[in-house]
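To start, the structure itself, in structure tokens.
The values are calculated or read from the model by the stated rules, or taken from the named source; none is laboratory data. These numbers were taken from a predicted model, which means no experiment stands behind them. A quick note on method: Cβ atoms are made from the backbone with ideal geometry, for glycine too, and the neighbour counts reach across all protein chains shown.
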């Protein structure tokens, strides 16, 4: 990616998300203090087709060690944010600036041993403009564009992760996202957008499971939807695996 796109502004987000994004930026910046170099919000909320569903995904990039007081302040901030509408589900990473400048999956500074296996995918999203800068410089001042091989490794890591996921709807929609990413050779995709693509490009008999997954994220799923998801999930996983391995045959 030679020409990064400008990030979104908070005003570009759907109205129900703006207050939550503002609260997230304020609380995290205050908690982590001067050591916070950048804070990026990304994920479902940056795609208009996602209907304001999903977690608030963010990366806090630190230029200094997160000492005990900052760690305590950060955890307290997350506790307060849990009471803010739209912030009930936070999926955040705290990483070092040094590692953010590289291509290797960075270590979570507050959860030893945990590395960001989707690092290449996150960078691709940020540089494509699918993020909001809540603090610090734009992403292109820090991160490098991921090569396709890195993005492919990230998609393979996503497949491993979705196979172990407890929720069938998550697995099905992420399988759709992998399939679309491979078909378009572009990893900057949303779950809902990938579901729409899948309804047009995958076999018609998989349609009920895709719609069931969307209903689950919307909070309108029925018992029939749950059955459709559980039944079809292995096939979606097989399709995603075949796509990543270069196979084209539909199971």
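What the table shows:
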{"quantity": "Selected residue (only one of 229, 214, 239, 199 is surrounded by 13 or more Cβ atoms within 10 Å (Cβ to Cβ), within 16 Å of residue 158 (Cβ to Cβ) and modelled with pLDDT of 95 or more)", "calculated": "239"}
{"quantity": "Every residue from region 181-212 that is part of a helix (DSSP H, G or I) and farther than 28 Å from residue 127 by Cβ", "calculated": "199, 204, 205, 206, 207, 208, 209, 210, 211, 212"}
{"quantity": "Strands (runs of 3 or more DSSP E) contained in region 16-124 and holding at least 2 residues out of contact with any helix residue (DSSP H, G or I) (no Cβ under 8 Å at 6 or more places or on another chain)", "calculated": "90-96"}
{"quantity": "Residue match in region 138-150 (condition: under 30 Å from residue 31 (Cβ atoms), touching a strand residue (DSSP E or B) at 6+ places or on another chain (Cβ under 7 Å) and buried (at least 17 other Cβ atoms within 10 Å of the Cβ))", "calculated": "yes"}
{"quantity": "Evaluation of residue 221 against (1) surrounded by 18 or more Cβ atoms within 10 Å (Cβ to Cβ); (2) assigned to a helix (DSSP H, G or I) (one fails), failing number", "calculated": "(2)"}
{"quantity": "Residue among 15, 73, 6 that alone is surrounded by fewer than 21 Cβ atoms within 10 Å (Cβ to Cβ), more than 19 Å from the chain's Cα centre (by Cα) and in contact (Cβ under 8 Å) with a residue 40 or more places away in the chain", "calculated": "73"}
{"quantity": "Some residue of region 106-117 being surrounded by fewer than 19 Cβ atoms within 10 Å (Cβ to Cβ) and within 14 Å of the chain's Cα centre (by Cα)", "calculated": "yes"}
{"quantity": "Selection from region 81-106 of residues that are over 14 Å from residue 122 (Cα atoms), without any contact (Cβ under 8 Å) to a residue 40 or more places away in the chain and touching a strand residue (DSSP E or B) at 6+ places or on another chain (Cβ under 8 Å)", "calculated": "82, 89, 96"}
{"quantity": "Test for residue 50: is it surrounded by fewer than 22 Cβ atoms within 10 Å (Cβ to Cβ), more than 21 Å from the chain's Cα centre (by Cα) and not assigned by TED's automatic domain parsing to the domain that holds residue 173", "calculated": "no"}
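Yes/no matrix, rows are residues, columns are (1) more than 26 Å from residue 216 (Cβ to Cβ); (2) outside the structural domain of residue 173 (by TED's automatic domain parsing); (3) over 12 Å from the mean Cα position of the chain (by Cα):
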residue	(1), (2), (3)
56	no, yes, no
69	yes, yes, yes
79	yes, yes, yes
82	no, yes, yes
88	no, yes, yes
97	yes, yes, yes
122	no, yes, no
130	no, yes, no
137	yes, yes, yes
